[in-house]
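The values are calculated or read from the model by the stated rules, or taken from the named source; none is laboratory data. Note that the coordinates shown come from a computational prediction; the quantities given were computed from them, not determined experimentally. Don't worry about glycine lacking a Cβ; one is built from the backbone with ideal geometry, like all the others, and counts go over all protein chains shown. With ligands, DNA and RNA removed, areas are computed over all heavy atoms of the protein, side chains included. Shrake-Rupley method; radii C 1.70, N 1.55, O 1.52, S 1.80 Å.
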Amino acid sequence: MFGRSLHASRRQLSTFIDKFDSYFLGQDPVKDQHSKLLAKPQYIYNLETHDIKPGRMTQFLQNAKDTLPSIHESTDIPTELYGQFVVKYGQTDRVFTIWRHTGSYPSLDETAALLKTHKGYQEYELSQVELVRKRNQQLCYEFSFWPEYNDDYDGGIFEFRTYRLKAGCLYEWGNSWAKAINLRKENSVMGICSQIGQMYTVHHIWRYRDLDHRREERNRAWESGKWADCVVRTVPLIKGLDVNITKATEWSPLR
């Protein structure tokens with residue numbers, strides 16, 4: 001009798017803690033579960049952000065050029081370089097590097113183990129002590145509703161829009177964007193959401209020929225009532241937004 005009573009008490013305590021966390025963190029367990037359905041599970045994207053010391057960008061990029069393509073081309077390391085981008089307008093002296101892993105989390109562990117014995121990569125890592133003032137990493141899934149990007153030309157600029165959302169709002173965010181994304185399909189490269197790192201962070205990446213083209217495409221989208229509806233629904237979910245205009249490096253697969 002006492003054992004059953006103790007078990008019931010523990011179950012009630014666990015339920016109370018879950019509800020307590022959900023209330024104070026702004027989370028809805030049902031919506032959190034639904035938000036998992038918004039992601040494409042076949043890939044994990046490792047988004048690395050490097051803030052370079054002033055005057056050291058040239059050396060950092062040379063080290064990247066000497067190292068990253070060989071990892072991308074390796075058939076033994078289960079990752080590929082999706083793209084590397086240097087900020088031109090926005091947070092200057094910043095570089096975004098995106099790796100794509102196939103096979104979910106086990107490929108991350110396998111990649112990490114193999115890179116420990118990769119001489120070039122270890123030298124690349126050590127060089128960052130002198131070149132990098134801060135770095136950050138996020139593991140992300142791509143939104144399932146995001147259209148496949150047709151990389152049909154070289155050049156142009158890539159816009160990184162990084163949204164910091166209120167806790168528990170990812171489902172509403174995805175549901176609203178799923179209804180509007182096709183209005184910007186020609187410019188939409190990627191939409192990813194963080195799973196490890198700074199949580200409730202969403203990155204949208206757009207591509208344009210230049211800043212004038214960006215202005216024209218954004219104005220065209222506003223002519224649709226659906227785009228305005230998306231903005232009206234999603235602005236209340238946002239805690240902060242960073243916008244960076246970047247250029248791909250010459251060795252970036254996406255450029």
>> Tally up the residues in segment 181-219 that are of a type in the set (A, V, I, L, M, F, W, C), open to solvent by 20 Å² or more (accessible area, probe 1.4 Å), assigned to a helix (DSSP H, G or I) and over 20 Å from Asp154 (Cα atoms), please.
In response: 1
> If you take the residues in segment 74-115 that are in contact with a helix residue (DSSP H, G or I) (Cβ under 8 Å, 6 or more places away or on another chain) and in a loop (DSSP other than H, G, I, E, B), which one is farthest from Val189 (Cα to Cα)?
Replying inline: Asp76
>> Looking at segment 225-239, can you tell me whether even one residue there is among the basic types (Lys, Arg), over 16 Å from the mean Cα position of the chain (by Cα) and crowded, with 17+ Cβ neighbours inside 10 Å?
In response: no
> Among the residues of segment 124-147, which ones are within 24 Å of Thr111 (Cβ to Cβ) and either among the aliphatic types (A, V, I, L, M) or out of contact with any strand residue (DSSP E or B) (no Cβ under 8 Å at 6 or more places or on another chain) (or both)?
Replying inline: Tyr124, Glu125, Leu126, Ser127, Val129, Leu131, Val132, Leu139
> Within the set of pairs 6+ apart or on separate chains, which have a first residue in segment 110-126 that is under 16 Å from Glu80 (Cβ atoms), a second that is acidic (Asp, Glu) and open to solvent by 70 Å² or more (accessible area, probe 1.4 Å), and C-beta atoms under 9 Å apart?
Replying inline: Leu114/Asp76
